[in-house]
1. Filtering the stretch 92-125 down to residues that are polar (S, T, N, Q) and outside any helix (DSSP H, G or I), which residue is surrounded by the most Cβ atoms within 10 Å (Cβ to Cβ)?
2. Can you tell me which residue within the stretch 35-85, out of those that are in a loop (DSSP other than H, G, I, E, B) and in contact with a strand residue (DSSP E or B) (Cβ under 6 Å, 6 or more places away or on another chain), is surrounded by the fewest Cβ atoms within 10 Å (Cβ to Cβ)?
3. Within 18 Å of residue 220 (Cα to Cα), modelled with pLDDT of 95 or more, touching a helix residue (DSSP H, G or I) at 6+ places or on another chain (Cβ under 9 Å) and within 10 Å of the ligand (Cβ to nearest atom) - does that describe any residue in the stretch 52-67?
4. Among the numbered criteria (1) surrounded by fewer than 24 Cβ atoms within 10 Å (Cβ to Cβ); (2) on the phi > 0 side of the Ramachandran plot, which single criterion is violated by residue 13?
5. Pick from 31, 49: which is touching a Leu at 6+ places or on another chain (Cβ under 8 Å) and of a type in the set (Gly, Ala, Ser)?
6. Any chance you could count how many residues in the stretch 158-172 are within 17 Å of residue 98 (Cβ to Cβ) and crowded, with 22+ Cβ neighbours inside 10 Å?
7. Looking at (1) closer than 25 Å to residue 242 by Cβ; (2) in contact (Cβ under 8 Å) with a residue 40 or more places away in the chain; (3) basic (Lys, Arg), which is the only condition residue 84 fails?
8. Does residue 152 fit the bill of being farther than 21 Å from residue 90 by Cβ, surrounded by fewer than 16 Cβ atoms within 10 Å (Cβ to Cβ) and touching a residue at least 40 places away in the same chain (Cβ under 8 Å)?
Amino acid sequence: MKLLEGKTAVVTGGARGIGKAIALKLASQGANIAITDLALDDKSKAVEAELASYGIKAKAYASNAAHYEDTKKVIAEIAREFEKIDILVNNAGITKDGALKRMTEEQWDMVIAVNLKSVFNFTQAVQPYMWKQGAGSIINMSSVVGVSGNANQANYAASKAGIIGFTKSVAKEMGTRNIRVNAIAPGFIETEMTAALPEEVRKGWNEKIPLRRAGTVEDVANVALFLSADLSSYVSGQVINVCGGMNT
Ligand code: NAI
């Protein structure tokens, strides 16, 4: 028996990286999957096909997670086509790093809109469906940087810390309807996002990690699976660090 048979999951930013790995992991456990990303292009269509190879229903949607009305529209469409939404993974995120003294208003606003406002947009949009079902699991992608802070990432760290406050608040608000809300705080995970970091920064990170390696997308996807499934039925309002022991 698979862990997520008959469930429907929505994964934002699912066309690559951690989001793609989570979508594939949940599909491998029998969940039907809707992924959203900025564009409906060859990349997201290829992920859709890979997901469908698990014998589940899969569809990719174009949606800018930072846009409130766009989000309402795409969730209504997903609910119509999949008939229910049991799991939401708020994964879409970007970085626009820089020292505070040089950070532009645009760098600040964009990161807050894509990383934090998107979580509000999607959580509010799925909430009526989960409320009606009396069940649901929402997983928000924070970061160790949101827990501990990081130089040159004030905008990113603020957005990821904001996600933690949001997660804990909504968990308290929706717990009575058996809707669980948790955050994952990954450390240094090998993806296209971190590939953009300079080599010495990447080396420095590795030296700080007790497990002496960067994380893989699979490491994060496994925790997302745990939080999606009934295995975590009494876990809500928590932040799970997936960082090789770096944040203790
Ligand atoms: P990535 O850059 O490889 O993938 C992010 C995906 O989100 C892309 O497909 C992108 O097109 C999509 N996206 C960006 N803006 C969007 C928007 N406005 N609407 C819809 N989709 C959008 O990033 P990665 O590394 O897979 O990260 C995924 C999440 O995990 C992000 O929230 C990131 O902040 C978080 N994270 C990543 C860590 C890492 O080491 N890679 C560490 C901690 C957190």
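The values are calculated or read from the model by the stated rules, or taken from the named source; none is laboratory data. This structure is a prediction, so every number in the text was calculated from the model and none was measured. We place every Cβ from the backbone using ideal geometry, glycine too, and count neighbours over all the protein chains shown.
1. Here is the first cut: in the stretch 92-125, the ones polar (S, T, N, Q) are 95, 104, 107, 115, 118, 121, 123-124.
Now drop any that are not outside any helix (DSSP H, G or I), which leaves 95, 104.
Numbers: 95: 21, 104: 11.
Applying the filter and picking the extreme gives 95.
2. Looking at residues that are in a loop (DSSP other than H, G, I, E, B) and in contact with a strand residue (DSSP E or B) (Cβ under 6 Å, 6 or more places away or on another chain), I get 39.
3. No, every residue in the stretch 52-67 fails to be within 18 Å of residue 220 (Cα to Cα), modelled with pLDDT of 95 or more, touching a helix residue (DSSP H, G or I) at 6+ places or on another chain (Cβ under 9 Å) and within 10 Å of the ligand (Cβ to nearest atom).
4. Here residue 13 meets the rest and fails (1).
5. Selected residue: 31, the only one of 31, 49 that is touching a Leu at 6+ places or on another chain (Cβ under 8 Å) and of a type in the set (Gly, Ala, Ser).
6. Adding up the residues that qualify gives 2.
7. Status for residue 84: all satisfied but (1).
8. Spelling it out, residue 152 is indeed farther than 21 Å from residue 90 by Cβ, surrounded by fewer than 16 Cβ atoms within 10 Å (Cβ to Cβ) and touching a residue at least 40 places away in the same chain (Cβ under 8 Å).
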